[in-house]
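The values are calculated or read from the model by the stated rules, or taken from the named source; none is laboratory data. All values reported here derive from a predicted model rather than from experimental measurement. Don't worry about glycine lacking a Cβ; one is built from the backbone with ideal geometry, like all the others, and counts go over all protein chains shown.
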Amino acid sequence: MIYDFDKPIDRSQSDSIKWKAYPKDVLPLWIADTDFEVAPEIIAAIQERMNHPVFGYGVDNPELIETVCERMKRQYAWEVKAEEVTLVAGIVSGYNYACRAFVNPGRSVLIQTPAYPPFFTGPTNNRVGSVFNPLIYNLETSRYEIDFNDFEAKIVSGKVGMFILCNPQNPTGRVFNESELRRMAQICLDHDVTIVSDEIHAEIIYSGEKHIPIASLSPEIAAHSVTLIAPSKTFNIPGLSCSVAIIQDEKLRETYRTAMMGFSSGVSLLSQYGGLAAYRQGGEWLRQMNAYLESNRDFVYQTISAELPEVRQTKIQGTFLAWLDFSDTKISADPASFFLEKAKVALNEGKTFGAQYGGFTRLNFGTNRARLSQALERMVGAFRKL
Ligand SMILES: Cc1ncc(COP(=O)(O)O)c(C=O)c1O
C-alpha cells in the first residue's frame, strides 16, 4: 500500500496543541508531532477494542511487552526479556521517575545542551541539581559533538548521580556513533552514574545512519542503564502516551518501579492497543514516512542554504527537527518571535533549549511538503524584507 503523506490533514479544528496555540493565519512548525495521518491499522485496533463495552482497569498487555522484546532483538540484536520491560505513560514521566529513583539529595543530573526543554525540569521537580555538558558544533562536519573532558569533569564536580542521554538528539539531529556511546558509557561506569537514555527518536533516522541503544553495547553498560523508547514519535501517536522503560538490572528496575508507585496509573488501555498495532503492523508506513521526511529534510537544508546562507544548519541524521542558528544575522536577538510576527510561522524558541541558544530556533519539518514549502517561503520573504 502507498501511504499519502502529501495529503493535507486539517488539524486546525481538532484538539491539537500545535494548531491551537496560535491564531489561524499562523503555520505551526513547533511542537514535535507530525501532521501525518497515522497508519490505518492503528485506528482499526483501537476501534476494535471499543467494541467491548467495558473499559475497566487493564493489565500491561503481555503481547505489547513481547513485541517490544522482539523488536529490540530484530533491530539491534539486543536480547531483552519480558520482565525487563516496564510500561510508562510518556517518556517525560519516565525521565522524572528516574530522577526520583536514582538521584539522591545533594546530587545532580548531567544534561547535554542544547536540550529538550523538559530535561531541565526533571531535576527541579525532584529537588536535585543539574549540571550541563554543552555539545560543541563542529564547523567541518556541521554536527554537534561531545566534549568528553568537560563531560567527565562535570560528573566529578557536579556530584552527578544520573546522566540523561538523548539519542538521537533533540534538537541537533545527532545520532551518536558507537565510539561516542562507548566513551560516554565508560565514564559513567567509572563514576557510578546511572545512564537514562531517551531514545524516543530512535526509529526516525535517515539513509546511512544507524541507531545503537547504548544499553545494547555490553551487559556492564546495560546494568547501569534505563532505556526509554516509545512508538509515539515513530508512528505519530504521542497523544496516546504509550512508552516503555527497559531496565535489565533487577535492583535498578525495582528502584525505578518503587519510584513510580503511586505517581502513575500506567498506560491507558486504548493506548496499549494503539502502541501494539503500531509496532506490529506499522512497518511499511514507517518506511515510507521516513523516506518522505528525508526528502523534507533535504528540502529544508537546500532551501535555507540557497536562500538564507547566513544561517548555520546541522547535518540532521535523525529526528524531524532542524536546529537553525541565526546568531550571525540581524534577527539574532529572537528569531522565533521575528518569524511569528513577520512570517506567521511558529517555531520553537532557541532559549528554551538552554540560555545560550537565544539566537537559534527549532523547525519541525514533519508536515506535508506544500505546507513546509509555504512556511519556508514566508520565512525567506520576511527575512529578505529586513
Ligand atoms: C527527546 C524527547 N523526549 C521525550 C519527548 C516527549 O515524550 P512524551 O510525550 O512521551 O513524554 C520528546 C517530544 O518531543 C522528545 O523530543
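For segment 199-209, the condition of being free of Cβ contacts under 8 Å to residues at least 40 places away in the same chain, surrounded by fewer than 22 Cβ atoms within 10 Å (Cβ to Cβ), more than 16 Å from the ligand (Cβ to nearest atom) and assigned to a loop (DSSP other than H, G, I, E, B) holds for at least one residue.
Consider GLY366 carefully, then state whether it is outside any helix (DSSP H, G or I), crowded, with 20+ Cβ neighbours inside 10 Å and small (Gly, Ala, Ser). The answer is yes for GLY366. Do we have any residue at all in segment 117-129 that's within 16 Å of the ligand (Cβ to nearest atom), assigned by TED's automatic domain parsing to the domain that holds MET184 and small (Gly, Ala, Ser)? Yes: one or more hits. Condition check: more than 9 Å from the ligand (Cβ to nearest atom) and of a type in the set (Phe, Trp, Tyr). Does PHE102 satisfy that? Criteria met by PHE102. Any residue at all in segment 63-78 that's at pLDDT 95 or above, closer than 19 Å to GLY239 by Cα, assigned by TED's automatic domain parsing to the domain that holds ARG257 and surrounded by 12 or more Cβ atoms within 10 Å (Cβ to Cβ)? For segment 63-78, residues at pLDDT 95 or above, closer than 19 Å to GLY239 by Cα, assigned by TED's automatic domain parsing to the domain that holds ARG257 and surrounded by 12 or more Cβ atoms within 10 Å (Cβ to Cβ): present.
Counting only residues that are under 15 Å from THR367 (Cβ atoms), buried (at least 21 other Cβ atoms within 10 Å of the Cβ) and not aromatic (Phe, Trp, Tyr), how many does segment 301-322 have? Outline the logic, then answer.
Here is the first cut: in segment 301-322, the residues under 15 Å from THR367 (Cβ atoms) are 303, 319-322.
When the remaining residues are screened for being buried (at least 21 other Cβ atoms within 10 Å of the Cβ), the result is 319-322.
Imposing the further condition that a residue be not aromatic (Phe, Trp, Tyr) reduces the set to 319, 321-322.
Looking only at that region, the number is 3.
Report whether or not TYR301 is over 19 Å from VAL175 (Cα atoms) and outside the structural domain of CYS166 (by TED's automatic domain parsing). Taking the combined requirement at face value, the residue does not satisfy it.
Just one residue in the set ALA336, ALA291, ALA259 is among the small types (Gly, Ala, Ser), exposed (fewer than 15 other Cβ atoms within 10 Å of the Cβ) and at pLDDT 95 or above; that residue is ALA291. Taken over segment 299-328, the criterion of being within 19 Å of ALA346 (Cβ to Cβ) and more than 24 Å from the chain's Cα centre (by Cα) is satisfied by THR303, LEU308. Taking the conditions (1) under 22 Å from the mean Cα position of the chain (by Cα); (2) touching a residue at least 12 places away in the same chain (Cβ under 8 Å) in turn, PHE148 satisfies each one other than (1).
Scanning segment 220-252 for residues that are more than 11 Å from the ligand (Cβ to nearest atom), assigned to a helix (DSSP H, G or I) and in contact (Cβ under 8 Å) with a residue 24 or more places away in the chain gives GLU220, ILE221, ALA222, THR234, PHE235, LEU252.
Taking the condition of being assigned to a helix (DSSP H, G or I), among the aliphatic types (A, V, I, L, M) and under 15 Å from GLY106 (Cα atoms), how many residues in segment 123-157 meet it? Outline the logic, then answer.
So the first thing to find is which residues in segment 123-157 are assigned to a helix (DSSP H, G or I), and the list is 123-125, 148-157.
From the residues that got through so far, the ones that are among the aliphatic types (A, V, I, L, M) too are 153, 155-156.
Now drop any that are not under 15 Å from GLY106 (Cα atoms), which leaves 155-156.
So the answer is 2.
For beta carbons closer than 7 Å, sequence separation of 6+ or different chains, a first residue in segment 1-22 that is without any contact (Cβ under 8 Å) to a residue 24 or more places away in the chain and assigned to a helix (DSSP H, G or I) and a second that is small (Gly, Ala, Ser) and exposed (fewer than 15 other Cβ atoms within 10 Å of the Cβ), the qualifying pairs are TRP19/SER12.
The set of residues in segment 56-74 being under 15 Å from ILE246 (Cβ atoms) and not polar (S, T, N, Q) consists of ASP60, LEU64, ILE65, GLU66, VAL68, CYS69, GLU70, ARG71, MET72, LYS73, ARG74.
Could you pull out the residue among ALA306, ALA291 that is free of Cβ contacts under 8 Å to residues at least 60 places away in the same chain, over 26 Å from ILE136 (Cα atoms) and not assigned by TED's automatic domain parsing to the domain that holds GLY173?
Numbers: ALA306 fails: over 26 Å from ILE136 (Cα atoms).
Result: ALA291 is the single residue among ALA306, ALA291 that is free of Cβ contacts under 8 Å to residues at least 60 places away in the same chain, over 26 Å from ILE136 (Cα atoms) and not assigned by TED's automatic domain parsing to the domain that holds GLY173.
Scanning segment 54-97 for residues that are within 14 Å of the ligand (Cβ to nearest atom) and either on the phi > 0 side of the Ramachandran plot or assigned to a helix (DSSP H, G or I) (or both) turns up GLY90, ILE91, VAL92, SER93, GLY94, TYR95, ASN96, TYR97. The lone criterion from (1) assigned to a helix (DSSP H, G or I); (2) in contact with a strand residue (DSSP E or B) (Cβ under 9 Å, 6 or more places away or on another chain); (3) touching a residue at least 24 places away in the same chain (Cβ under 8 Å) left unmet by ALA45 is number (2). Checked against the criteria, GLY106 counts as assigned by TED's automatic domain parsing to the domain that holds ILE221 and in a loop (DSSP other than H, G, I, E, B).
When segment 15-54 is filtered for residues that are exposed (fewer than 11 other Cβ atoms within 10 Å of the Cβ) and within 29 Å of PRO118 (Cα to Cα), the ones remaining, listed by number, are ASP15, PRO23, LYS24, ASP25.
Within segment 186-198, the set of residues being among the hydroxyl-bearing types (Ser, Thr, Tyr) and either within 19 Å of VAL68 (Cα to Cα) or without any contact (Cβ under 8 Å) to a residue 24 or more places away in the chain (or both) comprises just one member, SER197.
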